[in-house]
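Peer 1: First the structure, which I've put down as structure tokens, then a few questions once you've had a look.
Bear in mind these aren't lab numbers, they're just calculated from the coordinates by the rules spelled out. Everything quoted here is computed from the prediction, not taken from an experiment. Reconstructed Cβ throughout: ideal geometry from the backbone, glycine too, with neighbour counts over all protein chains shown.
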Ligand SMILES: C[S@@+](CC[C@H](N)C(=O)[O-])C[C@H]1O[C@@H](n2cnc3c(N)ncnc32)[C@H](O)[C@@H]1O
């Protein structure tokens, strides 16, 4: 029995029938319903296990990590690879939730904030997390290839914008084992300029800044005391920072609308 089946035995029959992955592949509306449903089922465990994670303005708010975990459940993920550890807020949230399930978490950072490296190492020490110092453009493909045949989820919180999109795209091209990629800071008020691309791409499963996700789960961010301060504070409170979840070729084969554009963008 795989990791998430231990968590939610009631869903095991659906997994065996392959229904969970398939509910992510029948169009964006069905995928969002599916993710909302999955996240809702995880909510009690999420509050219980992750409620103690110390919030930070620069960390990923809980409602957005929950979206990643929802996708993880649906594809019964074995390995999560994060790019962008910094102080490790999102890494700790993932790790606390997954503790004891056997799902392995890797987190890569090139050391943009040197002073945060020991902070992250200390907070993540109790968990099944491997921290890697390096550039994800190099390290992430290596990790994907190190886990052939396993179900892999990726989360990119650095780099941002097109560079994040292309990191995901190249991982999809590399291996069908990569089931999904989450890209952070995609809400339209950011200057990274990829929200329109994501809104039009046939691979997009969820945009957490859209009203359904916010109305269902924004309360988690308030409960955690997350500080949506700084520039665009009001927009941040309303929309969050924005997580875009996109499906890999293992879920949706190459050839959906927007793939050609992404291929051109990421070849340049
Ligand atoms: C916003 S912070 C991550 C915050 C973290 N996820 C959290 O919740 O606490 C972004 C991080 O991405 C890292 N980063 C940016 N580009 C990178 C790359 N190409 N490879 C690895 N890390 C990168 C930066 O060094 C920085 O520490």
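Peer 1: What is the Cα radius of gyration of region 91-232 over 2.2 N^0.38 Å, N being its residue count?
Peer 2: Values: Rg = 16.0 Å, N = 142, 2.2 N^0.38 = 14.5 Å.
Rg over 2.2 N^0.38 Å, computed on Cα atoms: 1.11.
Peer 1: Continuing with the same structure: Any chance you could run the full-extension gain for residue 26 through residue 54? It's 0.36 nm times the residue separation minus the Cα-Cα distance, nm to one decimal.
Peer 2: Details: separation 28, 0.36 × 28 = 10.08 nm, distance 3.68 nm.
Contour length minus the Cα-Cα distance gives 6.4 nm.
Peer 1: Based on Cα coordinates alone, diagonalise the gyration tensor for the chain, multiply each eigenvalue by 5, take square roots, and list the semi-axes in whole Å, largest first.
Peer 2: Each semi-axis is √(5λ); the values are 23, 22, 20 Å.
Peer 1: When the helix-only estimate is applied to the chain (DSSP H runs of n ≥ 4, each -39,500 (n - 2.57), divided by the residue count), what is the mean residue ellipticity at 222 nm, nearest 500 deg cm²/dmol?
Peer 2: Result for the chain: -14000 deg cm²/dmol, rounded to the nearest 500.
Peer 1: Pairs of Cα atoms under 8 Å, at least six residues apart: use those to get the relative contact order of the chain, whole percent.
Peer 2: Contact order relative to length: 21 percent.
Peer 1: Continuing with this model, one more query. How do 221, 29, 177 rank when sorted from fewest to most other Cβ atoms within 10 Å of their own Cβ?
Peer 2: Starting with the residue having the fewest Cβ neighbours, the order is 29, 177, 221.
Peer 1: Hey, in the GNM for the chain with a 10 angstrom Cα cutoff, which one of 138, 116, 24 fluctuates hardest?
Peer 2: Judging by the Gaussian network model, the answer is 138.
Peer 1: Follow-up question, since we're still on this one. Given labels modelled 7 Å from the Cα in the Cβ direction, how far is it in nm from residue 238 to residue 267?
Peer 2: 4.0 nm
Peer 1: Fewest to most neighbouring Cβ within 10 Å: what's the order for 130, 85?
Peer 2: Fewest to most other Cβ atoms nearby, the residues stand as 130, 85.
Peer 1: Out of the DSSP beta bridges found with both residues in region 3-267, what percent are antiparallel (nearest 5)?
Peer 2: 30 percent
Peer 1: Just check region 74-156 against the gyration tensor rule for me: Cα atoms, a ≥ b ≥ c as the square roots of the eigenvalues, rounded for a/c under 1.5, and otherwise prolate or oblate depending on whether a/b exceeds b/c.
Peer 2: Because a/c hits 1.5 or more and a/b fails to exceed b/c, region 74-156 counts as oblate.
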